[in-house]
1. Using Cα positions and a limit of under 19 Å, work out the aspartates and glutamates in reach of LYS84, with same-chain residues fewer than 8 apart set aside.
2. Can you pull out the chymotrypsin sites (Phe, Trp or Tyr not before Pro) in the stretch 54-136 whose DSSP state is coil and whose Cβ has at most 13 other Cβ atoms within 10 Å?
3. Out of HIS136, THR72, LEU101, whose Cα points farthest toward the positive end of the dipole of the stretch 64-148 (charges: +1 Lys, Arg; -1 Asp, Glu; placed on Cβ)?
4. Order 155-161, 118-124 from most to least packed using the mean count of other Cβ atoms within 10 Å.
5. For ASP148 and LYS89 in the same chain, what is the full-extension length gain: residue separation times 0.36 nm, less their Cα-Cα distance, in nm?
6. Averaged over every viewing direction, what's the projected area of the C-alpha convex hull for the stretch 1-124? Give it in nm², one decimal, please.
7. Among GLY64, GLY46, GLY139, which one moves the most in a GNM of the chain with springs linking Cα atoms closer than 10 Å?
8. Just one of [x] 20.0, 81; [y] 23.1, 90; [z] 23.6, 94 is Rg and Dmax of the Cα atoms in Å calculated from these coordinates, so which is it?
Amino acid sequence: MTFVRVQRKDVLSFEEIESMIRQAEKINNEYFRLRAKALIALFASGKRRAEVASLTMDDLYVDGDFLYVRFTVVKKRKKQVITKVREKKFPLKNRFTHFILDYWRWMQKHHPECKYLFPSVTNVFGQALVFHKDKHLTGRQILNIIKDLNPKAWCHLFRETRAANVIRADQAKGKLDIFTVYKVMFSLDLERESTAWNYIRRYASEVVSLEDDIIGGIE
């Protein structure tokens with residue numbers, strides 16, 4: 001469930017995300033600048049905050065024309081925790097993919113000892129950064145990074161945006177049907193159709209054709 005901190009009428013627009021990228025590019029420190037842009041790109045794919053935070057350096061690899069990223073999806077049941085791995089392909093020709101690549105390669109070059117892609121970092125007296133190789137950023141820390149780029153955005157809002165874009169694209173083509181449900185499930189790594197339907201109820205708009213309804217009702 002989305003925890004809404006700011007009253008909004010809709011999901012993130014393209015212009016809003018571009019504005020966040022421009023804000024990230026203003027960050028002087030190279031590491032923080034690359035990290036912020038990589039987080040935007042990963043969240044734009046519809047992933048959950050915990051799945052992004054727990055990415056390891058070994059969860060990324062390039063093969064052919066794609067960057068592959070393996071996310072660990074944790075599903076909690078009443079008496080057990082089920083862990084699954086879901087892999088996403090990011091086209092190398094996509095600008096957002098290079099945000100992830102640039103950050104990953106920076107980490108490989110400067111901090112190959114780190115286990116996690118987004119390690120916990122301590123700023124020592126504003127002079128140096130200490131990277132904790134076996135500890136990743138917390139969800140709260142990642143949320144704060146996103147908030148610094150846009151106070152009216154939060155991590156899960158990117159997920160809502162991804163779902164809304166899939167639904168609205170199908171609706172624009174006149175193809176809003178059961179296949180849209182499976183597209184949403186596939187995009188967000190959902191297990192239940194009912195969850196995908198909830199997204200459709202939120203973001204699909206009814207096309208009102210009153211004249212057709214009236215004419216159709218005349219016998």
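1. GLU51, ASP58, ASP59, ASP189, GLU191, GLU193
2. Working: sites: TYR61, PHE66, TYR68, PHE71, PHE96, PHE99, TYR103, TRP104, TRP106, TYR116, PHE125, PHE131; in loops: PHE125.
In loop regions of the stretch 54-136 (DSSP not H, G, I, E or B), the sparsely surrounded chymotrypsin sites (Phe, Trp or Tyr not before Pro) are PHE125.
3. In the stretch 64-148, that residue is THR72.
4. On the way: 155-161: 21.6, 118-124: 15.0.
Put in order of decreasing packing, that is 155-161, 118-124.
5. On the way: separation 59, 0.36 × 59 = 21.24 nm, distance 2.80 nm.
Computed gain between ASP148 and LYS89 is 18.4 nm.
6. Details: hull surface 41.0 nm².
The directionally averaged projection comes out at 10.3 nm².
7. Highest fluctuation of the listed residues: GLY64.
8. [x]
We did not get these values from a lab; they are worked out from the coordinates using the rules stated. Because the structure is predicted, anything quoted here is derived from the model rather than measured. Note that we place each Cβ from the backbone using ideal geometry, even for glycine, and neighbour counts take in every protein chain shown.
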